[in-house]
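Below is one structure, written out as structure tokens; the observations come after it.
The values are calculated or read from the model by the stated rules, or taken from the named source; none is laboratory data. It should be emphasised that the depicted structure is a prediction, and the values quoted were computed from it without experimental measurement. FYI the Cβ positions are ideal-geometry reconstructions off the backbone, even for glycines, and counts take in every protein chain you see.
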Amino acid sequence: MLKVGVIGIGMMGSTHLDAYAKLKGVKVTAVADLIRERREGRAVAAGNVKGQSQGGVDFAPFRKYDEGMKLIADLELDIVDICLPTPLHAKYAIAALKAGKHVLTEKPFALDGKTADQLAAAAKTAKTLLMCAMCMRFWPAWAWLKDAVDKKTFGKVLAAQFRRVTSHPGGPFYSDGDACGGAILDLHIHDTDFIQYCFGMPSGVFSRGYAKDTTRIDHVVTHYLYPQIPLVTAEGGWAMTPGFGFQMQYTVNFEQATAVFDLGATDQLKVIQNGKTKAVKVKAGMGYQHEIAYFVECIKNGKRPQVVEPASAARSVKIVEAEVKSIKTGKLVAV
Ligand SMILES: NC(=O)c1ccc[n+]([C@@H]2O[C@H](COP(=O)([O-])OP(=O)(O)OC[C@H]3O[C@@H](n4cnc5c(N)ncnc54)[C@H](O)[C@@H]3O)[C@@H](O)[C@H]2O)c1
């Protein structure tokens, strides 16, 4: 039985606790949060996606720590799961690797590309495994898309458009641009990362955007430049007016079909081909539980996680940095 300690019991910590509770061969035995009512399970945070964090987990058996470093020193733990605010990801992940733990850390890897590279370098020399929780790579309808792109099921991709927009989530972490990096790093990175996963590194980016709820970019549209694909774009932001809701969508135009995903639709994934629209059934569940199940399997099998390699998670931070630079300069930025 693999034993897990989760650091940071906010929105994502609660989501991860739910995911572990559904898995066999792994169990959470410790939690850490500076806020007493969170580490005691008396505060349940909701996420963007309905059903993300159910909050039915029994905290009574957990060892409880206030400071995350105390949990990292817990000798009983095999896995440390880091759901801390972004500026702490790299520091705590490196400390946990040094303490001989396997580490799952929330996205983004770090606030800047240099720190993200340091974390990726630490994973290279560690005997234990490190994975960044880039959950879209595991979201069933998105994993389906990656497969269709790789296998050219419908021919080559001509255009790919991603969209992730909502209103500001509120709270101190998401209101502090220096801590969360604005929507461009906190929210839109999901699409930047998925684009990199599907199509590799773009040669450059051209972005437009603005700050609204933080001092950083809170709404962005980016063109990702690829020699082999005419049009790859993503819109991301939390600058919509309160009450707007959460939209997560893609439209990918292949040579022989168009694939459409809409989180809010009854049939979330559809393929339009030869004039007919077909709903596509994919496996149930959200990316969070599949990513955690995958990481646990990697540990059990002693295999480095290939779906999200540390260097790839670091590259996504660097593409976002280029997007910010493009907005600031008004120019196309080479990546
Ligand atoms: N994968 C996703 O879809 C997704 C979604 C939302 C957030 N996130 C990421 O997850 C991370 C956490 O986000 P959140 O919304 O859960 O934030 P949050 O503010 O709700 O939770 C963070 C928690 O960490 C605790 N904490 C801070 N410093 C600590 C320390 N030194 N020791 C112990 N506890 C400490 C805080 O008290 C807080 O409860 C962020 O980096 C965010 O970008 C990922």
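Kindly indicate whether residue 258 is surrounded by fewer than 16 Cβ atoms within 10 Å (Cβ to Cβ) and either within 20 Å of the chain's Cα centre (by Cα) or free of Cβ contacts under 8 Å to residues at least 40 places away in the same chain (or both).
no
Could you say which residue among 289, 247 is under 30 Å from residue 102 (Cβ atoms) and touching a Lys or Arg at 6+ places or on another chain (Cβ under 7 Å)?
289
For region 1-120, list the helices (runs of 4 or more DSSP H) that sit wholly inside it and hold at least 3 residues that are crowded, with 17+ Cβ neighbours inside 10 Å and in contact with a helix residue (DSSP H, G or I) (Cβ under 7 Å, 6 or more places away or on another chain); which are they?
Result: 11-21, 89-98.
Answer yes or no as to whether residue 275 is modelled with pLDDT of 95 or more and over 22 Å from the mean Cα position of the chain (by Cα).
yes
Could you list, ordered by first residue, the pairs with Cβ atoms under 8 Å in which the first is in region 222-246 and over 20 Å from residue 211 (Cβ atoms) and the second is modelled with pLDDT under 95 and of a type outside the set (Val, Ile, Thr), at least 6 apart or interchain?
Within 8 Å, the pairs are 246/48.
Could you please tell me which pairs satisfy a Cβ distance under 7 Å, a separation of 6+ or placement on different chains, a first residue in region 76-95 that is closer than 19 Å to residue 64 by Cβ, and a second residue that is within 9 Å of the ligand (Cβ to nearest atom) and among the small types (Gly, Ala, Ser)?
From residues that are closer than 19 Å to residue 64 by Cβ, the pairs are 82/8; 83/8; 83/10; 83/13; 84/8; 84/68; 92/68.
Name the one entry in 97, 84, 71 that is within 11 Å of the ligand (Cβ to nearest atom) and either more than 18 Å from the chain's Cα centre (by Cα) or β-branched (Val, Ile, Thr) (or both).
After ruling out the rest, the residue left standing is 71.
(1) more than 30 Å from residue 106 (Cβ to Cβ); (2) exposed (fewer than 15 other Cβ atoms within 10 Å of the Cβ): which one isn't true of residue 264, the others all being true?
Tallying (1) more than 30 Å from residue 106 (Cβ to Cβ); (2) exposed (fewer than 15 other Cβ atoms within 10 Å of the Cβ), residue 264 fails exactly one: (1).
Of everything in region 119-162, what is charged (D, E, K, R) and more than 15 Å from the chain's Cα centre (by Cα)? Give them in sequence order.
Matches in region 119-162: 124, 127, 146, 147, 150, 151, 152, 156.
Residues checked against (1) assigned by TED's automatic domain parsing to the domain that holds residue 170; (2) closer than 30 Å to residue 5 by Cα:
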| site | (1), (2) |
| --- | --- |
| 242 | yes, no |
| 268 | yes, no |
| 273 | yes, no |
| 279 | yes, no |
| 283 | yes, yes |
| 294 | no, yes |
| 300 | no, yes |
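Need pairs with beta-carbon distance below 6 Å; first residue more than 11 Å from residue 91 (Cα to Cα) and within region 111-122, second small (Gly, Ala, Ser); sequence gap 6+ or separate chains.
From region 111-122, the pairs are 111/181; 117/314; 120/311; 120/314.
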